[in-house]
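Below is one structure; the comments refer to it alone.
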Amino acid sequence: MSEPTKDPQRLKVIVADDQAAVREPLAAVLGLSEDIEVVAAAADGTEVLTAVAGAPVDVVLMDLRMPVMDGIETTRRLSEEHPQIAVVVLTTFADDDSILAALSAGARGYLTKNAGRQDIIRAIRAAAAGQSVLDREVQDRLLATVRTRPPAPEQSLPKDLTPREREVLALIGQGLPNRAIAEKLFISEATVKTHINNLFAKADIRDRSDAVRRAIAAGLT
């Protein structure tokens, strides 16, 4: 009897954590979701890179503190070598240095291990769709960091951004998904996507994580 084929519609996910007591139950729980398939469980960054080289992967759920190759370096390598793969950090660490290092390396989401199963699943889905998801504690720390530093001048953003595009960028910086932005601005999701495409092109923004960093750096949040 031949093996059943894998559903191409399910999100292919790698769970990376050096603790088997965390990694294995998490992989098992995520695998119960109808639209998620855990294709590998890795104990360090080198195992992640080996896994992504051997099979299609949509999202890596990444711990930060791992031996051999940590989560920051692994995220950086994935951003450079496999930019189509989204990284969602899941860690016990929510200090400024860890958050900024992970986002700078290219992570699209950042959750603490206080996050529940549904929070993690939502973050995986959002990251696969190109959206940025930040844990509320993480978002609060980023905003607090911004408030304690002099805001960057508005000139850090292109002058040809429209007021509406700046509004959209500011809301992305607050971690809002497209639907919430549309509701807040009383416009359609399609219009939000148009504004996002335009401002990304004008400001040379790669993805939503990059947009969050740019919004914070420009003092829009």
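Every number here is computed from the coordinates shown, using simple stated rules; none is lab data. Keep in mind that this is a model prediction, so the values were computed, not measured. Cβ atoms come from the backbone with ideal geometry, glycine included; neighbour counts cover every protein chain shown.
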Within 10 Å of each residue's Cβ, count the other Cβ atoms and sort 188, 104, 33 from fewest upward. 188, 104, 33
Under 20 Å Cα to Cα from residue 184, which lysines show up? Leave out anything in the same chain fewer than 8 places away. 193
Local electrostatic count, residue 46, Cβ distance below 12 Å [Lys/Arg +1, Asp/Glu -1]: -4
Against the 2.2 N^0.38 Å scaling, with N counting residues, where does the chain land? I'd like the Cα-based Rg ratio to two decimal places. 1.03
Local electrostatic count at residue 189 - Lys and Arg +1, Asp and Glu -1, tallied over other residues with Cβ under 13 Å: +2
What is the packing order of peptides 116-123, 156-163, taking the mean over residues of other C-beta atoms within 10 Å and listing the highest first? 116-123, 156-163
Cβ-based net charge around residue 128, under 13 Å, with every Lys or Arg adding one and every Asp or Glu removing one: +2
What are the aspartates and glutamates whose alpha-carbon lies under 16 Å from the alpha-carbon of residue 159, with same-chain residues fewer than 8 places away excluded? 167, 204
